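Student: This is the structure I want to talk about, given as structure tokens.
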Amino acid sequence: MATISKRSARGAAERSASPRKTSTRKRPTAASKIPYTAEELLRDYRQMLLIRRFEEKAGQLYGMGLIGGFCHLYIGQEAVVVGLQASASDKDTLITSYRDHGHMLACGMDPRGVMAELTGRVGGYSKGKGGSMHMFSREANFFGGHGIVGATVPLGTGLAFSHRYNEDGGVCYCYFGDGAANQGQVYESFNMANLWKLPVVYVVENNMYGMGTSLARASAQTELYKRGESFGIPGLQVNGMDILETRHAGAEAAAHCRAGKGPILVEMKTYRYRGHSMSDPAKYRTKEEVSKMRKESDPIDSLRKVLVDNKMADEAALKEIDREVKAIITEAADFAQQSPEPDPSELYTDILVEA
Amino acid sequence: MAIQVLMPALSPTMTEGKLAKWLKQEGDSVESGDVIAEIETDKATMELEAADEGVLGKILVQAGTEGVSVNAPIAVLLEDGEDSSAADAVAASAPQPQPASQAAQPEAAAPEARAPEAAAQPAAGPVAVPPPPEEEYTGTTVTMTVREALRDAMAEEIQRDEAVFLMGEEVAEYEGAYKVSQGLLAQFGPERVVDTPISEHAFAGIGVGAAFHGLKPIVEFMTFNFAMQAMDQLINSAAKTLYMSGGQMGCPIVFRGPNGAAARVAAQHSQDFAPWYAHVPGLKVVAPYSGADAKGLLKAAIRDPNPVFVLENEILYGQSFEVPDDPDFVLPIGRARIERAGIDVTITAYSRMVGVALEAANLLAEEGIDAEVINLRSLRPLDTDAIVASVKKTNRIVTVEECWPTCGIGSEIAARVMEHAFDWLDAPVARVSGEDVPMPYAANLERLTLPQPEKVAAAAKSVCYK
């Protein structure tokens with residue numbers, strides 16, 4: 001258990017003064033205990049809000065029939081990716097599965113291109129050929145956007161393999177869900193990742209439900225941060241609804257990888273407000289559960305309160321950010337509706353790279 | 001400005017539904033994300049959440065209304081400072097919104113989506129322009145086994161390009177379960193020749209992930225029987241990502257290892273997977289027969305920017321051939337080779353079956369039948385031109401393969417010959433394949449299962465009506 005038990009920071013997150021007890025640690029509220037600048041936290045606020053508004057708009061466009069097929073919204077989980085990305089360098093790579101819009105925005109991808117992919121238009125990141133679950137950006141080091149539960153874990157481990165092979169100093173942030181945590185290929189990957197000391201941050205976004213099945217109904221071991229134990233991979237359990245916690249965990253995890261210590265597993269305890277996909281009547285959980293989470297643990301509301309209480313921003317400044325974000329999303333939605341569908345000649349392109 | 005709230009589609013197929021209940025009333029203020037109504041379809045009851053904030057100014061469709069069309073306005077939301085007159089104005093002027101996307105009307109979009117070029121293209125036809133015809137190699141050769149030819153191909157390419165490395169079970173310290181990677185660890189070290197645990201699914205995926213980021217992995221499967229454990233990564237990740245990324249995310253990777261029947265290892269270790277991979281757009285598939293094939297095709301596969309499957313054969317590993325020793329000798333993927341020219345009947349084969357076809361041709365020659373044997377070399381893309389040209393000369397064709405008959409390579413060749421050379425055929429296409437059974441262990445049954453030269457010769461005679 002020594003390697004696993006909610007490890008202390010050990011010099012990783014340099015800006016954090018106190019040793020961490022991750023799952024039980026209370027979120028610091030006093031200004032003196034917040035190790036981040038107003039500028040950093042306003043950036044986080046803006047990013048989380050951008051994701052929230054983007055997803056709400058996506059839900060709306062889906063309702064209008066402008067987005068088809070599967071569409072998995074990230075609403076509620078924003079603090080996970082925004083906090084972790086704060087520790088990423090421009091050499092690092094990111095890969096995730098199909099609840100991926102938030103990760104793309106957090107990687108700096110253009111909301112217009114993401115939204116246009118959702119509407120299946122040529123202005124989308126994949127020229128309309130990938131859709132919500134399959135989007136990529138070489139420029140942003142975003143490697144998808146994959147539709148098969150668990151498949152991103154070997155792929156992300158492969159990205160980490162390339163970082164080590166090229167000695168480029170990069171780290172792969174490899175995201176998967178609590179549902180994927182029961183796939184066999186995850187553990188084949190864990191084994192090789194620690195055997196070869198690959199620089200990979202495994203992030204399990206535990207939103208408590210794999211589609212309609214709660215974690216407890218699917219997992220013999222529900223403490224997912226312990227899932228690397230047999231492979232000697234240290235685990236952290238983090239309150240994924242709190243941007244201060246996710247930032248802190250990201251810094252610690254990245255430092256662990258950059259020091260050549262191999263992989264680390266970060267369990268982010270989080271919650272999705274919306275259904276698994278758009279056509280989910282959500283009979284597997286109560287309305288009270290959802291509204292309690294929204295009321296008491298919303299990552300955006302919490303950060304807003306921290307910013308105001310600590311006089312890092314006033315209401316007017318936050319309102320201004322709200323307005324800016326809204327304008328970006330409106331423009332993205334317009335672009336996504338105006339961009340044309342791909343030309344029929346695109347049907348037979350991009351199947352093979354011409355040698 | 002006042003905002004219309006529209007009847008949402010709650011699933012990809014929903015066209016109308018019942019507005020079961022309003023949870024907010026006119027005059028109530030609404031936050032983005034608040035549940036404002038319940039919608040019922042034949043499948044489920046779903047909640048409608050507000051996408052904007054404001055005041056619910058006017059309800060346009062009363063609770064209990066059935067058959068409300070998707071996208072019909074059902075309410076008006078007012079922004080800060082607006083009064084109900086704005087709601088009336090929006091409600092009155094409300095045009096029935098038209099879904100802008102053709103995607104919302106699949107029937108209407110269908111004819112347009114069918115590109116004329118696509119319709120004219122034969123099913124699963126070669127996507128790439130066929131490479132130029134191979135120039136006959138005139139340089140020096142050395143005698144070596146297929147095993148050594150494969151080894152040399154890898155050694156030369158690992159030497160040539162720093163991004164190339166070999167990974168797989170027993171490839172490094174053990175030097176390959178079939179000794180194909182002999183000496184590579186000593187020559188290149190453990191960073192370039194990587195032993196993996198027995199974890200096909202994940203090491204295939206690790207290879208694909210590394211290829212996405214610019215490395216050029218050679219992933220060895222100890223045999224292709226074990227690659228079934230990795231099938232999701234091979235098809236969903238390696239083959240499809242270039243397309244799904246609109247051309248951004250290439251996957252320059254080679255999957256290689258012995259394929260097809262070995263000897264006396266029974267059903268789980270004796271199977272030809274060629275049609276499985278040849279079925280998939282986004283992959284290239286080659287199946288070498290000779291030492292020159294092995295070296296030239298493996299080198300081409302490693303240099304190719306796409307996922308290429310190199311289907312080797314355990315029984316061929318120990319056979320010796322003349323192999324070009326020029327380090328720049330590379331064979332074009334997508335070209336077949338005429339192994340034996342003839343005029344009476346065409347016999348196509350790949351991998352070890354090329355040897356069987358050549359033996360059959362010798363048997364046929366004794367009876368005065370001059371067979372042309374085509375070594376397919378590449379199964380995707382398939383060299384349709386070479387097959388059709390041969391059929392136009394011989395007017396008869398027999399396909400030979402180890403795989404099962406249903407949906408095999410022979411089935412595909414029969415279809416293409418019908419599409420492209422129907423009027424030149426003097427007899428129906430004959431197929432000689434593995435028997436449609438799991439591979440038996442008993443020596444006599446195993447022999448009965450696999451194509452033998454006598455059986456191929458008999459099929460050739462039958463299409464010659466002799």
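Student: Here are the criteria: (1) of a type outside the set (A, V, I, L, M, F, W, C); (2) crowded, with 24+ Cβ neighbours inside 10 Å; (3) facing chain B (nearest Cβ under 7 Å). Tell me which single one A:Y165 does not satisfy.
Tutor: (2)
Student: Residues being farther than 14 Å from B:I302 by Cα, among the aliphatic types (A, V, I, L, M) and assigned to a helix (DSSP H, G or I): count how many of those fall in segment B:209-228.
Tutor: 3
Student: Of all the strands (runs of 3 or more DSSP E) wholly in segment B:36-88, which have at least 2 residues that are away from chain A (no Cβ under 11 Å) and over 20 Å from B:L10 (Cβ atoms)?
Tutor: Result: B:54-59, B:73-78.
Student: Could you figure out which of (1) buried (at least 23 other Cβ atoms within 10 Å of the Cβ); (2) more than 7 Å from every other protein chain (Cβ to nearest Cβ); (3) without any contact (Cβ under 8 Å) to a residue 40 or more places away in the chain isn't true of A:Q77?
Tutor: All conditions pass for A:Q77, except number (3).
Student: Could you check B:V391 against (1) surrounded by 22 or more Cβ atoms within 10 Å (Cβ to Cβ); (2) in contact with a His (Cβ under 6 Å, 6 or more places away or on another chain); (3) not hydroxyl-bearing (S, T, Y) and say which number it fails?
Tutor: Result: B:V391 passes all but (2).
Student: In addition: Against the definition (surrounded by 23 or more Cβ atoms within 10 Å (Cβ to Cβ), in the same structural domain as B:V310 (by TED's automatic domain parsing) and free of Cβ contacts under 8 Å to residues at least 12 places away in the same chain), how does B:S199 come out, yes or no?
Tutor: Against the criterion (surrounded by 23 or more Cβ atoms within 10 Å (Cβ to Cβ), in the same structural domain as B:V310 (by TED's automatic domain parsing) and free of Cβ contacts under 8 Å to residues at least 12 places away in the same chain), B:S199 does not qualify.
Student: Restrict the check to segment B:434-448 and report whether at least one residue is surrounded by 20 or more Cβ atoms within 10 Å (Cβ to Cβ) and either touching a Gly at 6+ places or on another chain (Cβ under 8 Å) or under 22 Å from B:G342 (Cα atoms) (or both).
Tutor: no
Student: What are the residues in segment A:219-238 that are surrounded by fewer than 18 Cβ atoms within 10 Å (Cβ to Cβ) and within 12 Å of A:V266 (Cα to Cα), if any?
Tutor: Within segment A:219-238, just A:E223 meets the criteria.
Student: Mind checking which residues of segment B:297-328 are under 22 Å from B:G139 (Cα atoms), of a type in the set (G, A, S) and either outside the structural domain of B:A238 (by TED's automatic domain parsing) or touching a residue at least 40 places away in the same chain (Cβ under 8 Å) (or both)?
Tutor: The answer is B:A301, B:S320.
Student: Sticking with this one: Counting only residues that are in contact with a helix residue (DSSP H, G or I) (Cβ under 8 Å, 6 or more places away or on another chain) and either facing another protein chain (nearest Cβ under 9 Å) or among the hydroxyl-bearing types (S, T, Y) (or both), how many does segment A:261-281 have?
Tutor: Adding up the residues that qualify gives 5.
Student: Given the criterion of a type outside the set (D, E, K, R), within 24 Å of A:R272 (Cβ to Cβ), surrounded by fewer than 24 Cβ atoms within 10 Å (Cβ to Cβ) and touching a Cys at 6+ places or on another chain (Cβ under 7 Å), identify the matching residue among A:A180, A:A140.
Tutor: That would be A:A140, the only listed residue that is of a type outside the set (D, E, K, R), within 24 Å of A:R272 (Cβ to Cβ), surrounded by fewer than 24 Cβ atoms within 10 Å (Cβ to Cβ) and touching a Cys at 6+ places or on another chain (Cβ under 7 Å).
Student: Consider segment A:144-162. How many of its residues are surrounded by fewer than 22 Cβ atoms within 10 Å (Cβ to Cβ) and in contact with a His (Cβ under 9 Å, 6 or more places away or on another chain)?
Tutor: Summing the residues that are surrounded by fewer than 22 Cβ atoms within 10 Å (Cβ to Cβ) and in contact with a His (Cβ under 9 Å, 6 or more places away or on another chain) in segment A:144-162 gives 1.
Student: Another question about this same structure. With respect to B:I302, determine if the residue is within 14 Å of chain A (Cβ to nearest Cβ) and part of a loop (DSSP other than H, G, I, E, B).
Tutor: The answer is no for B:I302.
The values are calculated or read from the model by the stated rules, or taken from the named source; none is laboratory data. Note that this is a predicted model, so its numbers are computed, not measured. Positions of Cβ are generated from backbone atoms using ideal geometry, with glycine treated the same way; all protein chains shown enter the neighbour counts.
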